[in-house]
Amino acid sequence: MRYLSIGEPLVEFSARADAPSTFERRVGGDTLNTAIYLARLSGPGQVGYLSCLGDDAHSIWLRQTIAAEGVDVSLLAQRRGARPGLSFISTDATGERSFAYWREQAPFRRHFDDAARTVDLARADRLFLSAVALAVLTHEGRETLLQALAERRAQGAAVIFDTNYRPALWPDVDTARAVIARAASIATMLLPSLDDLCACFDVAQPEAAMQHLMTLSEAEIVLTTGGGSVLHRASGREAVHSHALPPAVDAVDTTGAGDSFNAAWLIARDRGLSVGDSIARAARLATVVVRHPGAILPLDAMPELFVKENAR
């Protein structure tokens, strides 16, 4: 496989807009959303998911749903008697989300307490993870994973890190800052959003956020600002370039927008598109995603351009 995404799969329950007391079950989790879009855009056998589930009905449903999307589940371990994490998502009138989690029992939390699990990182040359994945691990497991990622980078693997910051998952902001900074120093590519950096590192402007990241890492940086532009810094360079985005659309649900953007960006770059064209392609997919409820688009709602490219 080419990509291996690492993180916690969630059973996501979203309130229906037309029936607020009715919740729809979907797959969730930032790195899983990205894995699914990577698989849709690259084809079967190219993307795997490294995590752990239980043996209950929700875990079985998650595994089957992930596999049906073309994601390799051979590294999706099963722990007897365990239960997956749950998330409940509510959206306001603008499509912005609020989250409630029940994930303390999730088996992924202790997955890397066993250092032998890190051998699976050798199965791919592009490793994708997020700050959420690091936040939910035990301290021991987090240290084990970060060390293994550093070793894989030294061996030539790409380490792609989404700085996705969820304050409720961390014991305190200082811990979050230290872990995110360490992961950024290991990464070959950073995929941050301005909202996350403002909340975690107390930076208010895109340029200040980019400068802060550049003190943490030599990695390539693609900073989404939540507005009309994306900032890009090539690996090891000082120059920062701004790329304009199309006008914002009315969002139904912003869940998964960043995850789909990340996947489309990565695949576009794999296919040799320029930075500007890759950002435009990623923004196009994210724009469609926010017009639909939930993080994962129905297959028939995928933009025709992406479907045609994947059929080649």
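None of the figures in this text is laboratory data; all of them are computed from the coordinates on show. Keep in mind that what you see is a predicted model, and the values were worked out from it rather than measured. Backbone-built Cβ (ideal geometry, glycine too); neighbour counts: all protein chains shown.
Structure summary
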read-out	value
Sum of -39500 (n - 2.57) over DSSP H runs of 4+, divided by residues of the chain (222 nm, nearest 500)	-11500 deg cm²/dmol
DSSP beta bridges in segment 3-311 [antiparallel fraction, %, rounded to 5]	45
Mean Cβ neighbour count within 10 Å, used as a protection proxy, ranking 240-248, 3-11, 41-49 highest first	3-11, 41-49, 240-248
Alpha-carbon radius of gyration plus Dmax, which is the widest Cα pair, for segment 3-311 in Å	18.1, 52
Sorted by Cβ density within 10 Å, fewest first, the residues R16, R177	R16, R177
Rough spin-label spacing in nm, given labels placed 7 Å along Cα→Cβ, for S98 and V173	2.1
Cleavage-rule hits (GluC sites (Glu not before Pro)) in segment 207-312: DSSP loop, at most 10 neighbouring Cβ within 10 angstrom	E238
Packing-based order for 288-296, 57-65, using average beta carbon neighbours within 10 Å, highest first	288-296, 57-65
